[in-house]
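**Q** I'd like to ask some things about the structure below.
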Amino acid sequence: MANNDCCATQLIDGDGEFNVAGLDNFIRTVHLASCGLSYAVVSIMGPQSSGKSTLMNHLFHTSFREMDAYRGRSQTTKGIWIANCVGIEPSTIAMDLEGTDGRERGEDDTAFEKQSALFALAISDIVLINMWCHDIGREQAANKPLLKTVFQVMMRLFSPRKTTLLFVIRDKTKTPLENLEPILREDIQKIWDGVRKPQAHQHTPLSEFFNVEVTALSSYEDKEDKFKEEVAQLRQRFFHSIAPGGLAGDRRGVVPASAFSISAQRIWKVIRENKDLDLPAHKVMVATVRCEEIATEKLNQLRSDKGWLELEEAVELGPVRGFGEKLSSIIDGCLSQYDEEAIFFDEAVRNAKRKQLKAKALDLVYPSYTTLLGHLRAKALDDFKTKLEQSLNNGEGFASSVRTWTQAIVLEFDKGSADAAVRHANWGASKLRDKLRRDIDSHTSSVCSEKLSEITTNLEKKLAKALTEPVESLFEAGGKETWLSIRELLKRETEAAVSEFSASITGFELDEETVEKMQQSLRNYARKVVENKAREEAGKILIRMKDRFSTVFNHDNDSLPRVWTGKEDIRTITRDARSASMRLLSDMAAIRLDEKPDRINTVLHSSLIDKTSAATSSQDITREVSVDPLASSTWEEVSPEDVLITPVQCKALWRQFQGETEYTVTQAISAQEAYKRSNNWLPPPWAIMAMVVLGFNEFMMLLKNPLYLMFIFVAYLVGKAIWVQMDIAGEFRHGTLPGLLSLSSRFLPTVMNLIKRLAEEAQGNPTPQGSQGSASQTQIFRNQVHKPDSVPSSISNSALSSVGSSDNDNEYSTTNLSQRRRTNVLEAEFS
């Protein structure tokens, strides 16, 4: 009857050690975990050597070790063994307990018997009580201690389930079973009544705890065939034992097959610790442990799920269409697998662990969900930026474009977040949606500021260009209405810029206050440009004053360069030039953009021009002691912020200006005197009279001798030619010593040149007039280049150059004047 498929395994050894590895291997081998609640546990207990293992082997086709009758009666089964019942449906586990009343443990060592009996009652659906037929009705029969043990340990179970006790009467006699069963039941009732019970179960009948069944079998040794036939009939009762009306008792305390190992271990641990066994609490405990294991297993499977890993990887790269549906399907699969395996456990525990599994699964996938929403938000923001830029490039209004695309982009984000929603969670995307709105608002504000800044910058550049050069020109011109012209220019250009600005920002739909602020900022910028330019020009006022002085002093009313001939009134010219320079100083003394009257020009004129004139024209007039109006750091009626040059600084600048322009006046005076000397070659009248009186005899001698007269005429012509050729008058105009030095170096080449030309004319090959003129001009140019380098410290040279010391045009004009004079002399000579 033995079958290797039964996989007999020792569950608990004789010392009470639980074989965890053996049980786990047994469950895997017989595929017990997949049975759910569709399994039964049948255990057998009885006196030692009563044929328990033999009965189990024949009844369930197991392979428990049996006693060898030829070797004598001794302990065969040690501890507790389990095996799979072959061919029984549903799956049934047979459990063979160590026999009671064995001599190996002794009379007093009954602890293991009670522990194993309690263990069998806690996990078994059917308990077979193996007893001899001849013990029925006997007071000291071997089955009574066993029954007392069963009933006593039953009291240690809190809310025990109803177990089937199948009494198997071995080696039945001719007494019919109908007569033996009442006696047996009476004995069982007496034993039950004699057992001490808790107060709550003092009057509880036996039927509340046990279903008592009785069967009888013939002797295996004497009637083996009859025994096997009866066992085969009994075997049929174990088919579908857990069905309603089946042999198994109450199934309320049964645990799912997948938790059988955990349940058995915990029950044995409690029993070994000699504690009362609370089966309902144990059921919850087993359900908690097993459901936790199942949930952990399913969560690990979810982590390694191929579909989930692919989805997670795809989400890292960008938005995934149908993310929510795909993820919901994956989570549904995980939860359904959990439900399938945990369906037989306590419902409250199962549901609690399912919620935990669901929460952990959602925690696992939540980062990917947030990543996806992040991609959606980033994509939406990028789309908004692109669409807004395109709209602005197409000339659409800023505010209308922002409204249109904000609504469209947020709607698109809402669709994407709805597609990403997971059915098992109520996460929502409101936070990211709000963040998207904030990002859009931030970008809108940034673009708005950028565009407005660009508009403002362009207008500021235009304003700077429109104001800088004209203002500089007006300051340089220094007219009577300089600041009036600047104010008109500022107002005109500012209003034009403000009008252009207002037209440019129409599409932004800004509030009036903001527009007014920006317009005012533009006006302030234009004013600042003028003020900065005024301050810049104020720093160059001394140069401007000297230039103005030089211009007025060295040019006449027709803007032609002055030639100091001695007829000019240098005093009046100097006063006019200084007055013009003073007007520049007055204009640059303060900023006058607010049309406020001031007395700067009057104060400066009275303190600088009038006072200086009075001092130079009347030195004998006694000066009255008075307060100096320029001895101050501010101007009356002028704000300190508008002051460019303080009165004290004006006074210092004027002093410096006078010192630097005085030399120009001195040089003009020297030029007048030099001009007078250069144009007066006749000796004084008394010298002429002396020459006439004293040279009368010589004159008469010339008249009497024509040869002398001819010689003198030739000498005159030669001298005149040399005079013109060498420009003696021009040479001596720079001074006597420089003139002599220059003539001494040029006299011999000039004489040789004249002789050469005379010889060529005598031979009939006169030098062309053009060549002569060219040579003459070349010589004159060389003289011009050479003369300044010869005696640079000459008084005459200084006098002539001082006229144009402050203006290059004047110097050029003086040089041209000398050139025209020499050319006229040469033309007169050769004509």
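The values are calculated or read from the model by the stated rules, or taken from the named source; none is laboratory data. Only a predicted model underlies this, so the values are computations on that prediction, with no experimental measurement involved. With ideal geometry, Cβ positions are generated from the backbone for all residues, glycine too; neighbour counts draw on all protein chains shown. The area values use the complete protein model at the heavy-atom level, side chains included, leaving out ligands, DNA and RNA. Shrake-Rupley method; radii C 1.70, N 1.55, O 1.52, S 1.80 Å.
**Q** For the stretch 363-412, which residues satisfy the criterion of being under 30 Å from LEU327 (Cβ atoms) and small (Gly, Ala, Ser)?
**A** SER368, GLY374, ALA378, ALA380, ALA408
**Q** Name, by its number, the condition in (1) open to solvent by 30 Å² or more (accessible area, probe 1.4 Å); (2) assigned to a helix (DSSP H, G or I) that does not hold for CYS448.
**A** Here CYS448 clears every test but (1).
**Q** Of the residues that make up the stretch 261-269, is at least one loosely packed, with under 13 Cβ neighbours inside 10 Å and out of contact with any His (no Cβ under 8 Å at 6 or more places or on another chain)? I'd like the intermediate steps shown before the answer.
**A** We begin by selecting, within the stretch 261-269, every residue loosely packed, with under 13 Cβ neighbours inside 10 Å; these are 269.
Imposing the further condition that a residue be out of contact with any His (no Cβ under 8 Å at 6 or more places or on another chain) reduces the set to 269.
Looking through the stretch 261-269, at least one residue is loosely packed, with under 13 Cβ neighbours inside 10 Å and out of contact with any His (no Cβ under 8 Å at 6 or more places or on another chain).
**Q** Looking at the stretch 589-600, can you tell me whether even one residue there is under 26 Å from ASN532 (Cα atoms), part of a helix (DSSP H, G or I), β-branched (Val, Ile, Thr) and touching a helix residue (DSSP H, G or I) at 6+ places or on another chain (Cβ under 8 Å)?
**A** If we filter the stretch 589-600 for residues that are under 26 Å from ASN532 (Cα atoms), which is where we start, we get 589-600.
Subset that is part of a helix (DSSP H, G or I): 600.
Imposing the further condition that a residue be β-branched (Val, Ile, Thr) reduces the set to 600.
After this cut, where a residue has to be touching a helix residue (DSSP H, G or I) at 6+ places or on another chain (Cβ under 8 Å) as well, the list is 600.
Scanning the stretch 589-600, I find at least one residue that is under 26 Å from ASN532 (Cα atoms), part of a helix (DSSP H, G or I), β-branched (Val, Ile, Thr) and touching a helix residue (DSSP H, G or I) at 6+ places or on another chain (Cβ under 8 Å), so the answer is yes.
**Q** Find the residue count for the stretch 111-129, including only residues that are modelled with pLDDT of 90 or more and open to solvent by 10 Å² or more (accessible area, probe 1.4 Å).
**A** Qualifying residue count for the region: 0.
**Q** Give the residue, chosen from SER559, SER499, that is outside any helix (DSSP H, G or I) and either at pLDDT 90 or above or at positive phi (or both). Step through it out loud before you land on a result.
**A** Values: SER499 fails: outside any helix (DSSP H, G or I).
Selected residue: SER559, the only one of SER559, SER499 that is outside any helix (DSSP H, G or I) and either at pLDDT 90 or above or at positive phi (or both).
**Q** Within the set of pairs 6 or more residues apart or between chains, which connect a residue that is part of a loop (DSSP other than H, G, I, E, B) inside the stretch 126-138 to a residue that is surrounded by 18 or more Cβ atoms within 10 Å (Cβ to Cβ) and among the acidic types (Asp, Glu) with Cβ atoms less than 9 Å apart?
**A** The qualifying pairs are ILE136/ASP187; GLY137/ASP187; ARG138/ASP187.
**Q** Residues that are among the polar types (S, T, N, Q) and crowded, with 17+ Cβ neighbours inside 10 Å: does the stretch 497-505 have at least one?
**A** Residues of the stretch 497-505 that are among the polar types (S, T, N, Q), as a first pass: 499, 502, 504.
Retained after the next criterion (residues that are crowded, with 17+ Cβ neighbours inside 10 Å): none.
Checked the stretch 497-505: no residue is among the polar types (S, T, N, Q) and crowded, with 17+ Cβ neighbours inside 10 Å.
**Q** Filter the stretch 165-218 down to residues that are polar (S, T, N, Q), over 13 Å from CYS133 (Cα atoms) and open to solvent by less than 60 Å² (accessible area, probe 1.4 Å), then give me how many there are.
**A** Adding up the residues that qualify gives 2.
**Q** Looking at the stretch 653-671, which of its residues are open to solvent by less than 70 Å² (accessible area, probe 1.4 Å), hydrophobic (A, V, I, L, M, F, W, C) and either free of Cβ contacts under 8 Å to residues at least 40 places away in the same chain or in contact with a Phe, Trp or Tyr (Cβ under 9 Å, 6 or more places away or on another chain) (or both)?
**A** Applying the first criterion (open to solvent by less than 70 Å² (accessible area, probe 1.4 Å)) to the stretch 653-671 yields 653-654, 657-659, 661, 664-668, 670-671.
Okay, now just the ones that are also hydrophobic (A, V, I, L, M, F, W, C), so 653-654, 657, 665, 668, 671.
If the condition is that a residue be open to solvent by less than 70 Å² (accessible area, probe 1.4 Å), hydrophobic (A, V, I, L, M, F, W, C) and either free of Cβ contacts under 8 Å to residues at least 40 places away in the same chain or in contact with a Phe, Trp or Tyr (Cβ under 9 Å, 6 or more places away or on another chain) (or both), then PHE657, VAL665, ALA668, ALA671 are the ones that fit.
**Q** Kindly establish whether ILE409 is in contact with an Asp or Glu (Cβ under 7 Å, 6 or more places away or on another chain), closer than 26 Å to THR371 by Cβ and open to solvent by less than 40 Å² (accessible area, probe 1.4 Å). Break it down stepwise before answering.
**A** Values: in contact with an Asp or Glu (Cβ under 7 Å, 6 or more places away or on another chain): yes; closer than 26 Å to THR371 by Cβ: yes; open to solvent by less than 40 Å² (accessible area, probe 1.4 Å): yes.
When the stated conditions are applied, ILE409 passes them.
**Q** Considering LYS546, LYS517, LYS480, LYS528, which residue is under 48 Å from the mean Cα position of the chain (by Cα) and farther than 30 Å from GLY395 by Cβ? If you could, list the steps in order and put the result at the bottom.
**A** Numbers: LYS546 fails: under 48 Å from the mean Cα position of the chain (by Cα); LYS517 fails: farther than 30 Å from GLY395 by Cβ; LYS480 fails: under 48 Å from the mean Cα position of the chain (by Cα).
The match here is LYS528.
**Q** Here's another thing I want to ask about it. Can you tell me which condition ILE455 does not meet? The list is (1) within 30 Å of ASN524 (Cβ to Cβ); (2) at pLDDT below 90; (3) hydrophobic (A, V, I, L, M, F, W, C), and all the others hold.
**A** So ILE455 meets the others, but not (2).
**Q** Name the pairs: first residue in the stretch 421-432 and farther than 12 Å from ASP332 by Cα, second residue exposed (fewer than 11 other Cβ atoms within 10 Å of the Cβ) and modelled with pLDDT of 85 or more, Cβ to Cβ under 9 Å, at least 6 apart or on different chains?
**A** Final answer for the pair search is ALA429/ALA418.
**Q** Shifting gears a bit: Among (1) closer than 27 Å to LYS174 by Cα; (2) at pLDDT 90 or above; (3) charged (D, E, K, R); (4) open to solvent by 50 Å² or more (accessible area, probe 1.4 Å), there is one condition LYS223 misses while meeting the rest; what is its number?
**A** (2)
**Q** For the stretch 331-377, name all the residues that are among the hydroxyl-bearing types (Ser, Thr, Tyr), surrounded by fewer than 18 Cβ atoms within 10 Å (Cβ to Cβ) and closer than 22 Å to ALA33 by Cβ.
**A** The one that is among the hydroxyl-bearing types (Ser, Thr, Tyr), surrounded by fewer than 18 Cβ atoms within 10 Å (Cβ to Cβ) and closer than 22 Å to ALA33 by Cβ: SER336.
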